[in-house]
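What follows is one structure encoded as structure tokens, with my remarks underneath.
The values are calculated or read from the model by the stated rules, or taken from the named source; none is laboratory data. Since we're looking at a predicted model, the values are computed, not measured. Using ideal geometry, Cβ is built from the backbone for each residue, glycine included, and neighbour counts are taken over all protein chains shown. Keep in mind that these areas ignore ligands, DNA and RNA; they rest on the heavy atoms of the full protein, side chains included. Shrake-Rupley method; radii C 1.70, N 1.55, O 1.52, S 1.80 Å.
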Amino acid sequence: LVHAFSVATSPDASDALLICVVSHTHWDREWYHPASRFRQRLVALLDAVLEREQPDESFLLDGQAITLLDYLAVRPERERELRARLQSGVLEAGPWFVLADNLIPSGEAILRNLEAGHRVLRRLGAVSPSVAYCPDTFGHPAALPAIAAGYGFPVAIVWRGAGGGDHPTTDAFRWQSADGSAVVAHHLPPDGYEYGSALPMDSAAAAARWLQMRPVLGGRNRTGVVLLLNGADHHALQPDITAAADSLAQAAAPDARVQRMSLARFVQRFDAASRTTELPVVHGELRDSYGYTWTLGGTLGTRGYQKRRNARLERALLRDVEPWLALSWLHHASVRTRATASNGAITMEQLPALLNVTWQDLLETHPHDTLCGCSVDAVARAMDARHESVLAQVRGLREAALQLALQHDTAAARSRAIAPAAPQAVVVRNRAAMPRGGVAELRLVETLGDVPVGPAGADAQPVASRMPTIPPPVAGLSLQILDTRVVHRRRESPQHYPDNDLVRVHRVLAWIPDVPAFGLRVIGGAPVNSPATAPADARDHDHERDG
């Protein structure tokens, strides 16, 4: 963690502080209740917002677009009203799909989070405020300024993770990534996103509240513009906020001007003011706010098995699915042009949408209270179920992607007769972004016969299961046998019932020559000219490499 500071200058004392009051709710989708119960409150909250008599009154849905999907799942008849408010900018959501933890998910997952949020808003004809809005994340990675700048966001809003002993004592600083990309960060007060909640209407109470706020908001300010978020966890829009904001404005005059506005408008004002103000410069991660507010760094270690599973699922999508989709698209013109398959197989037309849905399901487990493991057990059980669902989707996507890369037709393969054991080719794939070779553990799967499923299975004869100790030969490979076993293995086809075939699985070790990065190597068969070309499956043997 490295910080470099430049000399900071204060705004002209004659200029009144501009306090931008933004009404919002901080929406933990699941926390001390599961998502389904919090959704009930979300529906009531948004219905109340849409029914307000002031149609130009802004409200922020916590910087995440999943709240829109949760609401429309219950109230689809109000989509037109929701669209109109979003498109006019008085109702704001995004840029995130979910307010995720920023330190546990991979950098790629952070990008997919922004892309998923953009897709939801685009479907509703809307855009998000141009800000990396992170009001409750338990720390921030050093690359976040580069990510935000890459999406055209000039501003980041942070709370936890900043304010420690090595940080500048200002509410604004330039936060720079290693590549030189930078954003202007607005640091929320010690009480964070709830500092402006429940503003009083009574003039005496408003004056007392301002006396508390003035040193907190003014003492650290450098731009003359400050954000006051009016709301808190699962809070609905304050019913009397118009009168309460007027009372605060009267109490603050002449020290400050108080204006209600949208988050997008605040970002414009804050960004413009920062361009004419010299600010401290910060490099590196933001994960120290002790002495200012609590960071909750201990959540990095809670429910560790879920964090490990999330990492494996992310890698499975990034290494086992997406490269093969890209290679298939690059190497096979028919893959790019064929929208549907007459036999019902999955094509490139459906795969991007299916991939996006899988990512969204995984992103639903990334909110800071979910992935950080600081929610009730019911939330953890729901997360386990989502992970199981994502794993099933990953396996289906991987199978479809490899079948496209190999140009393998599962329906046609089912019509071929089972041949006697014969020398076969092994197709080895490398899911890493670098060439790899050496000792590999292979599973050579030898089909002994069909075990029909469905009505045909009632009169089927049992399949013989002789147990030879020598696996079928593979030209060019010397095999060291580890073990052999007979099991049932289900094989599917879009035109058939699944087969629970009886197979012999030979687990062997072999020395594999280098396989190109994200490539394939066929051993013992015809040469492969591209990473997405290989012999069709011979049906009687199916060879694959683990991992």
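So the values come out like this:
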read-out: Complete set of residues in region 108-128 that are touching a residue at least 60 places away in the same chain (Cβ under 8 Å) and more than 16 Å from ILE147 (Cβ to Cβ); value: ARG119
read-out: Residue within region 124-147 that is buried (at least 18 other Cβ atoms within 10 Å of the Cβ), closer than 26 Å to GLN40 by Cβ and of a type in the set (Gly, Ala, Ser) present; value: yes
read-out: Residues located in region 47-63, provided they are more than 13 Å from VAL90 (Cβ to Cβ), in contact with a helix residue (DSSP H, G or I) (Cβ under 9 Å, 6 or more places away or on another chain) and not in a loop (DSSP other than H, G, I, E, B); value: ASP47
read-out: Some residue of region 243-252 being touching a Gly at 6+ places or on another chain (Cβ under 7 Å) and either at pLDDT 95 or above or among the hydroxyl-bearing types (Ser, Thr, Tyr) (or both); value: no
read-out: Subset of region 347-368 [modelled with pLDDT under 95 and part of a helix (DSSP H, G or I)]; value: LEU351, PRO352, ALA353, HIS368
read-out: Filter result (open to solvent by less than 10 Å² (accessible area, probe 1.4 Å) and of a type in the set (S, T, N, Q)) within region 156-176; value: THR170
read-out: Extreme residue, nearest to LEU263 (Cα to Cα), among residues of region 60-107 that are surrounded by fewer than 16 Cβ atoms within 10 Å (Cβ to Cβ) and either touching a strand residue (DSSP E or B) at 6+ places or on another chain (Cβ under 6 Å) or among the small types (Gly, Ala, Ser) (or both); value: SER88
read-out: Some residue of region 529-540 being surrounded by fewer than 15 Cβ atoms within 10 Å (Cβ to Cβ), in a loop (DSSP other than H, G, I, E, B) and either at pLDDT 60 or above or of a type in the set (Gly, Ala, Ser) (or both); value: yes
read-out: Single match in ALA378, ALA345 (criterion: over 28 Å from ALA65 (Cα atoms) and in contact (Cβ under 8 Å) with a residue 40 or more places away in the chain); value: ALA345
read-out: Tabulated pairs, region 141-161, first over 24 Å from LEU228 (Cα atoms) and among the aliphatic types (A, V, I, L, M), second part of a strand (DSSP E or B) and open to solvent by 10 Å² or more (accessible area, probe 1.4 Å), C-beta under 6 angstrom, 6+ apart or interchain; value: none
read-out: Residue list for region 310-346, restricted to those being surrounded by 18 or more Cβ atoms within 10 Å (Cβ to Cβ) and part of a loop (DSSP other than H, G, I, E, B); value: HIS332, ALA345, ILE346
read-out: Those residues of region 93-132 which are in contact with a Gly (Cβ under 9 Å, 6 or more places away or on another chain), outside any loop (DSSP other than H, G, I, E, B) and closer than 21 Å to LEU82 by Cα, in sequence order; value: TRP96, LEU114, GLY117, HIS118, VAL120, LEU121
read-out: Filter result (small (Gly, Ala, Ser) and touching an Asp or Glu at 6+ places or on another chain (Cβ under 7 Å)) within region 252-272; value: SER262, ALA264
read-out: Output for region 467-479, where each listed residue is surrounded by fewer than 12 Cβ atoms within 10 Å (Cβ to Cβ) and either at pLDDT 75 or above or more than 13 Å from HIS506 (Cα to Cα) (or both); value: ALA475, SER478
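The rows are residues; the columns are (1) in contact with an Asp or Glu (Cβ under 6 Å, 6 or more places away or on another chain); (2) in a loop (DSSP other than H, G, I, E, B); (3) open to solvent by less than 60 Å² (accessible area, probe 1.4 Å).
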position: ALA198; (1), (2), (3): no, yes, no
position: ALA204; (1), (2), (3): no, no, no
position: ALA207; (1), (2), (3): no, no, yes
position: GLN212; (1), (2), (3): no, no, no
position: THR223; (1), (2), (3): no, yes, yes
position: GLN250; (1), (2), (3): no, no, no
